[in-house]
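What follows is a set of notes on a single structure, which appears directly below.
The values are calculated or read from the model by the stated rules, or taken from the named source; none is laboratory data. In this text the structure is predicted, and so the values were computed from the model without any measurement. When we count neighbours, we look across all protein chains shown, and the Cβ atoms used for this are built from the backbone with ideal geometry, even at glycine.
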Amino acid sequence: MNSSEFTKNTIEAAVRLGLLLLLATWCFKIVSPFIVPVMWGVIIAVAIYPLFVKLKSLLGDRNKLAATVYTLLTLALLITPTVMISNSIIDTSIIITERYEAGTLEIPPPDSSVKEWPLVGENLHALWLQASENLSETLNKYNAETKKAGKTIVSSVASAAGTILQFVLSIIISGILVANAGAAYDVTIKFFVRLTNAADGKTYADLTRATIRSVAQGVLGVALIQALLSAFGMMVMAVPGWGIWSLVVLVMAIAQLPPILVLGFVSAYVFSVAETTPAVIFLIYCIIVSGSDAFLKPLFLGRGMSTPTLIILLGAIGGMMMSGIIGLFVGAIVLALGYELFMAWLDKSEVAR
């Protein structure tokens, strides 16, 4: 091949690669708004599929009907608690606003035991006591901080509303996917075959599926159970804004932080307004709820998988720290796949010897 032909072929290859890169970038920008909802749709579909199979069996193996019923039921399970929590937040906000404007809003004084709380006890007790004695003066004193907190709350509410809408779209997508589960599974196997080889394609597809279900049950499932139990206890004790506290418990449980960090403050409030016996019962209940993950996670996390539970948990926590809640699943899947590839490489190395 002479230099002119080499130059011609190089230019032609560069043009083709450039056009392919342009096409890929263009396609990515078009679908980028839908990447997160689609990922969540895949995660929900994989996690829920065993229940969908049972539902389809109950409906006489009518696939489209089962997918429609599943989608409607799942949307109801999402929207109903959202409406309940929203109503709780709105009602609490209205009551607080009306009482503040009428000058009848009172904050009970803190218990002396608040001083003994580590790190924040003294300062929190002083601030709480000042607010109980003169709320208006306290709010004026911390006017800048109050405005900043208010903006943060409004921003968080707007973000939560956007997240709910995103999940509505993801549930609809998951309904489409479970209705076409066979074709989606075949595409996944083909993808892993292209990445590895024909022998390992199905293995890694199954590993991805098992990891998603493990994290859904062992992390999100446990967090949801703890949040629901916390909400029930706070509703019984008539804790103001129990919906907000329940959401905070859910977020902390997903982040692998003990819910008692929130429920402890709620218990302190209950001790200051309720009688001793129900307050003690509520505190014991909160401790049990907070520690329930110690026996719930081993039941759900890593079940049916050869990958060690520690690998799944580390991947879920690390992924969430990098990419938020979606990282729970992506991190666990990536670390599980990396672990299995590494172990396969070690096994081949041993055989080569």
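Going through the stretch 249-280 one residue at a time, which ones are under 17 Å from V219 (Cβ atoms) and modelled with pLDDT under 85?
L250, V251, M252, A253, I254, A255, Q256, L257, P258
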| query | Take the residues of the stretch 234-255 that are small (G, A, S) and assigned to a loop (DSSP other than H, G, I, E, B): which is surrounded by the fewest Cβ atoms within 10 Å (Cβ to Cβ)? | reply | A238
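Considering only residues that are hydrophobic (A, V, I, L, M, F, W, C) and within 11 Å of I312 (Cβ to Cβ), look in the stretch 335-345 and name the one that is surrounded by the fewest Cβ atoms within 10 Å (Cβ to Cβ).
L335
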| said: Of everything in the stretch 289-334, what is polar (S, T, N, Q) and either surrounded by fewer than 18 Cβ atoms within 10 Å (Cβ to Cβ) or modelled with pLDDT under 80 (or both)? Give them in sequence order. | reply: S292, S306, T307, T309, S323
| field | Complete set of residues in the stretch 256-305 that are aliphatic (A, V, I, L, M), part of a helix (DSSP H, G or I) and closer than 25 Å to T211 by Cβ | value | A294, L296, L299
